[in-house]
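Data first, discussion second: the structure below is written as structure tokens.
Only the coordinates and a few stated rules stand behind these numbers; no lab work does. It should be emphasised that the depicted structure is a prediction, and the values quoted were computed from it without experimental measurement. Every residue, glycine among them, receives a Cβ derived from its backbone with ideal geometry; neighbour counts consider all protein chains shown.
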Amino acid sequence: MFEVGRVCIKIAGRDAGNTCIVVDLVDDKYVLIDGNVRRRKCNVFHLNPLKDKIKIKKGASTTDVIKAMTTAKMKVIEKKKIKRTEKKKETKKDTKEKKKDAKPKSK
């Protein structure tokens with residue numbers, strides 16, 4: 001029933017209602033899924049398999065899965081990319097200035 005490339009709908013958890021594709025078989029109860037859900041190991045009882053099957057390799061990357069979904073004309077949910085800011089590295093000079101600015105402890 002569950003094989004690599006099988007299109008499913010997640011029916012439990014935070015990603016419930018979203019379509020996913022089986023990427024790998026972990027064992028008889030768990031599969032690795034990806035697609036419009038977070039890539040993760042999932043219990044087969046939390047998935048509703050559909051008739052559709054997409055041709056992908058076992059262990060395909062997320063980009064490969066998304067490409068396969070677009071060629072099969074399936075709806076792909078765009079994931080927002082997190083914009084991360086760079087932290088300024090402190091130099092020895094900056095730490096010395098901070099120590100000077102700090103108030104001395106009163107006894």
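Ranked by the mean number of other Cβ atoms within 10 Å per residue, highest first, peptides 31-39, 19-27 order as 31-39, 19-27. What is the sum of charges, Lys and Arg at +1 and Asp and Glu at -1, for the other residues whose Cβ falls under 15 Å from the Cβ of residue 58? So the surrounding residues net to +1. Stretching the chain fully between residue 3 and residue 85 yields a gain of 25.4 nm (0.36 nm per residue, less the alpha carbon separation). Calculated from the structure at hand, Cα Rg over 2.2 N^0.38 Å is found among (1) 1.07; (2) 1.81; (3) 1.34 as (2). What is the local net charge at residue 4, summed over the other residues whose Cβ is closer than 13 Å to its Cβ (Lys, Arg +1; Asp, Glu -1)? Once all neighbours under 13 Å are counted, the net charge is +1. Among the listed pairs 41/88; 10/55; 67/88; 57/87; 58/87, a Cα-Cα separation exceeding 29 Å is found for 41/88; 67/88; 57/87; 58/87.
Computed from point charges on the beta carbon alone (+1 for Lys and Arg, -1 for Asp and Glu), the dipole magnitude for the chain about its Cα centre is near 1240 Debye.
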